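Have a look at the structure below, then the notes.
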Amino acid sequence: MLEKAFLEVLDRELVIALGCTEPIAIAYASAMAAKHLKGELLSLEVYASANIIKNAMGVNIPGTGKTGMNLAAALGSLSDADKNLEVLCGIKEADIEKALKMIEEGRISIRKSDHPKKLYIEVLAKSEGSSSRVIVEDRHTNITRIETDGRVFFSVEDKIDELPVNDTSFMSMDSIWAFIEHVDVSKLSKVEESIKINKRIGEEGILHDYGLRVGKTIYESMENGHQVMDPTNYAMALTAAGSDARMAGSSFSVMSNSGSGNQGITATLPVIAYWEKLGLSYEELLRAVALSHLVTIYIKTKFGRLSALCGATIAATGASCGITYLQGGRKEDIYASVQNMLGNVTGILCDGAKGGCALKVATCTSAACLSSSLALNGIAIGSHDGIIDHDPEKTIENLCLLSTEGGVESDRIILDIMLEKENKLINN
């Protein structure tokens, strides 16, 4: 029974996405609004929550070499909504030129929404004699309302009986471990797909100059003999390179985890890197990556999809569990890895999605490897330290309390700083 539930969770939370998911969610909502508009689009008004704005301001839009929520919205309105988080896949130079013209003509506006939800996007599209309205909330492709000319085309309230069950109450560290130990790996096709897709973007980041070139720099340092070519450094290089490429607007898609491409990258590539260096069986890789994904998903269900704290810390916690598993770690070692990670990287703030995320990804990957090494040597942070409790479940609860309640003011200050910088750039 639980096997089916876990496989459904993996299928739901591992989603292929092109580009950073926040601007892509804006593009998706805009595409859907344009799809339900009668006549030629004249204008788009986008209202986005503070956390969406924070994570959409500074990343490159895939295939454009440019940043901007207004560009994401404009391109989305010219794209096929049926592609979901790959909505901008296949955009052409003519589309970019048309989108830039729309922006230049003042037809695209982005405003902060006062809606209390952290993940909220509302798009109003207008033509000469028609209008449409689309709302996305809670999840990056979760449309809860579509209107055309004031008439409701779709509403969650109207379709409540048709909604999928998203209950995750069965998840715990114990139930995840039991699933990983007993699942038939032939059923982990989504996990296998995440390995292939995310390895590709990691290799892309090592081969080419993307963003800050964090991963490529680490890799070249190993090749030049300045750093050791060991599993930890290779894991840092491969994972950071994937983030470099993604945040710089690579045209390669990634398998996201819990709505984040960087989380998907961080949950998979460190484990893959260790597996390659250790020369273990493919079955062991599948189980280890599945463990990493599920620990990440489990913590994120409590932590929140968007937060003041960096999501890479959570995905790297999953990766640490996967790395520990690959090296023969048992349940108590997995739990020790969680304790070590959450006693180390907790407190890394999310100051928006951007090229610098690759540095945080590298830092968290390094911590994942260290936490695993300590756990395998019987070392775990004790319950007398900070937010760490005797039980990793309680530690996770403490972390989530810190994120959901303690992060509110941090989020506000971070966004204020980012918007002030944005205004200065516009005015200059």
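How large, in percent, is the carbon and sulfur part of the accessible surface of region 111-238 at a probe radius of 1.4 Å?
Here it works out to 47 percent.
Within 15 Å, Cβ to Cβ, of Met247, how many net charges do the neighbouring residues add up to if Lys/Arg are +1 and Asp/Glu are -1?
+2
Compute the projected area of the convex hull of the Cα atoms of region 1-94, averaged over all viewing directions, and report it in nm² to one decimal place.
7.6
Heavy atoms only, probe 1.4 Å: what % of the accessible area of region 1-107 goes to carbon and sulfur, would you let me know?
Carbon and sulfur atoms account for 50 percent of the accessible area of region 1-107.
Along the charge dipole of region 21-156, pointing to its positive end and built from +1/-1 on Cβ of Lys, Arg, Asp and Glu, which listed residue (Met102, Val59, Ser49) has its Cα farthest out?
Ser49
From largest accessible area down, sort Glu393, Glu220; use a 1.4 Å probe on the protein chains.
Highest to lowest solvent-accessible surface, that is Glu220, Glu393.
Just report the Cα centroid separation between region 168-235 and region 1-36, whole Å.
Spelled out, the Cα-based centre of one part sits 21 Å from the other.
Along the charge dipole of region 190-252, pointing to its positive end and built from +1/-1 on Cβ of Lys, Arg, Asp and Glu, which listed residue (Leu238, Ser250, Val191) has its Cα farthest out?
Toward the positive end, the furthest listed residue is Val191.
Suppose every Lys and Arg Cβ carries +1 and every Asp and Glu Cβ carries -1, with no other charges. What dipole size does region 299-402 come out with about its Cα centre, to the nearest 20 debye?
380
What accessible area per residue comes out for the chain, rounded to a whole number of Å², with a 1.4 Å probe?
Value returned for the chain: 41 Å² of accessible area per residue.
Using a simple charge model, +1 on the beta-carbon of Lys and Arg, -1 on the beta-carbon of Asp and Glu, nothing else, what dipole does the chain show about its Cα centre, in debye to the nearest 20?
It works out to roughly 720 debye.
Give the ranking of Lys54, Lys331 by solvent-accessible surface, highest area first, calculated with a 1.4 Å probe.
The residues order as Lys331, Lys54, largest area first.
Testing the spin-label approximation: label points 7 Å from Cα along Cα→Cβ at Glu192 and Leu280. State their distance in nm.
With each label placed 7 Å out from Cα toward Cβ, I get 1.9 nm.
If ligands, DNA and RNA are left out, what is the accessible area of Lys38 with a 1.4 Å probe, given in Å² to the nearest 10?
130
Quick one: putting +1 on the C-beta of Lys and Arg, -1 on the C-beta of Asp and Glu, what dipole do you get for region 1-157 around its Cα centre, in Debye to the nearest 20?
It comes to approximately 280 debye.
Compute the acute angle (0 to 90°) between the alpha-carbon long axis of helix 407-427 and the principal axis of greatest extent of the alpha-carbon atoms of the chain; round to the nearest 10°.
Tilt of helix 407-427: around 50 degrees.
Calculate how large, on average over all directions, the projected area of the Cα convex hull of the chain is; give the answer in nm² to one decimal.
With the hull built on Cα positions only, its mean projection is 21.0 nm².
Could you compute the net charge surrounding Ile299? Neighbours are other residues with a C-beta less than 15 Å from the C-beta of Ile299; K and R count +1, D and E count -1.
Local charge sum for Ile299: -2.
Over all alpha-carbon pairs in region 192-320, figure out the percentage whose distance exceeds 20 Å.
40
Percent relative contact order of region 1-132, based on C-alpha pairs within less than 8 angstrom and at least six residues apart?
40
Positive end of the charge dipole of the chain (Lys, Arg +1 and Asp, Glu -1 on Cβ, about the Cα centre): tell me which of Thr301, Ser131, Ser221 has its Cα farthest that way.
So the residue furthest toward the plus end is Ser131.
Once neighbouring chains are kept in place and the probe is 1.4 Å, which whole percent of the accessible area of region 299-428 is contributed by carbon and sulfur?
Taking all protein chains in place, region 299-428 shows 54 percent carbon and sulfur surface.
Considering only Val87, Val152, Val345, give the residue with the highest GNM mean-square fluctuation for the chain, with springs between Cα atoms whenever their separation is below 10 Å.
Val152
Cα convex hull of region 278-428: how many Å³ per residue?
Output value, Cα hull per residue: 114 Å³.
Which angle from 0 to 90°, rounded to the nearest 10, does the C-alpha axis of helix 2-13 make with the longest principal axis of the chain?
50
Could you put Phe303, Phe153 in order of accessible surface area, largest first, with the 1.4 Å probe and the full protein assembly present?
Highest to lowest solvent-accessible surface, that is Phe153, Phe303.
Of Lys54/Lys190; Lys66/Lys112; Lys38/Lys118; Lys35/Lys98; Lys117/Lys360, which ones are farther than 23 Å apart at the Cα?
Lys54/Lys190; Lys38/Lys118; Lys117/Lys360
The values are calculated or read from the model by the stated rules, or taken from the named source; none is laboratory data. This one's a predicted model, so the numbers in the text were calculated from it and none came from an experiment. Heads up, the Cβs are rebuilt from the backbone with ideal geometry, glycines too, and the neighbour counts pull from every protein chain shown. Note: areas computed on protein heavy atoms with side chains; ligands, DNA, RNA excluded. Shrake-Rupley method; radii C 1.70, N 1.55, O 1.52, S 1.80 Å.
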